[in-house]
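Heads up, the thing below is written out as structure tokens.
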Amino acid sequence: YIRSRLHDKAAQTLEESIDFTVYTVEWGRRLRSSDDQLVSVLFDLRDAPFSSLDLGTLQFMLQALQSYYPEILGKCLVKDAPWI
């Protein structure tokens, strides 16, 4: 569960965000009770200002899940996305 409104892209570098993403996905992968259990990711964009929109990290996260972890990704959902 990712609350975009709490993210401050100026607080860390893109490399730090990528490292944290890989760390989080690896923990999610290891916490599964079986190899056929899938992980769902929910991006909550409610009340998220444009200043919290981090396209580099988001692009890496989606690409990594699709390219390197396709066996664990069940669903990727976006909640309350702005019209833009």
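Multiplying the residue separation of R32 and I2 by 0.36 nm and removing their Cα-Cα distance gives an extension gain of 8.9 nm.
Give the carbon-plus-sulfur fraction of the accessible surface of the chain in %, rounded to a whole number; probe 1.4 Å, heavy atoms of protein chains only. Each step should come with its number before you reach the end.
Values: 3600 of 6310 Å².
Exposed carbon and sulfur together represent 57 percent of the surface.
Karplus-based coupling profile of the range 26-31, in residue order and whole Hz: 4, 5, x, 5, 6, 7, with θ = phi - 60° in 6.51 cos²θ - 1.76 cosθ + 1.60 and x standing for Gly or Pro. Solvent-accessible surface of the chain, taken per residue with a 1.4 Å probe and all protein chains present: 75 Å². By the helix-only formula, in which each DSSP H run with n ≥ 4 contributes -39500 (n - 2.57) and the sum is divided by residues, the chain has a 222 nm mean residue ellipticity of -12000 deg cm²/dmol. Phi angles across the range 41-57 convert, under the Karplus curve 6.51 cos²θ - 1.76 cosθ + 1.60 with θ = phi - 60°, into 3J(HN,Hα) values of 10, 10, 9, 9, 9, 4, 6, 7, x, 4, 5, 8, 6, 10, 5, x, 5 Hz, Gly and Pro given as x. Normalising the average separation of contacting C-alpha pairs (under 8 angstrom, six or more residues apart) by the number of residues puts the relative contact order of the chain at 44 percent. Just tell me the longest site-free run in the chain, where the sites are trypsin sites (Lys or Arg not before Pro) in a DSSP loop having at most 12 other beta-carbon atoms within 10 Å. Counting at most 12 other Cβ atoms within 10 Å as exposed, the longest clean stretch of the chain is 47-84.
Scanning the chain for chymotrypsin sites (Phe, Trp or Tyr not before Pro) in DSSP loops with at most 12 neighbouring Cβ atoms within 10 Å leaves 2-67 as the longest stretch between them.
About its Cα centre, the chain has a charge dipole of approximately 260 debye under the convention of +1 per Lys or Arg Cβ and -1 per Asp or Glu Cβ, with nothing else charged.
Neighbours of Y68 by Cβ distance under 11 Å: Lys/Arg scored +1, Asp/Glu scored -1, total -1.
Based on C-alpha pairs under 8 angstrom that are at least 6 apart in sequence, the range 29-76 has a relative contact order of 64 percent. Sequentially through the range 73-79, phi angles give Karplus couplings (6.51, -1.76, 1.60; θ = phi - 60°) of 7, x, 9, 10, 10, 10, 10 Hz, Gly and Pro residues having no value and appearing as x.
The values are calculated or read from the model by the stated rules, or taken from the named source; none is laboratory data. Just so we're clear, the structure is a prediction, and the values are computed from it rather than from any experiment. Neighbour counts are summed over all protein chains in view; Cβ atoms, including those assigned to glycine, are modelled from backbone coordinates with ideal geometry. To get the accessible areas, we keep the full protein, side chains included, count just its heavy atoms, and leave off ligands, DNA and RNA. Shrake-Rupley method; radii C 1.70, N 1.55, O 1.52, S 1.80 Å.
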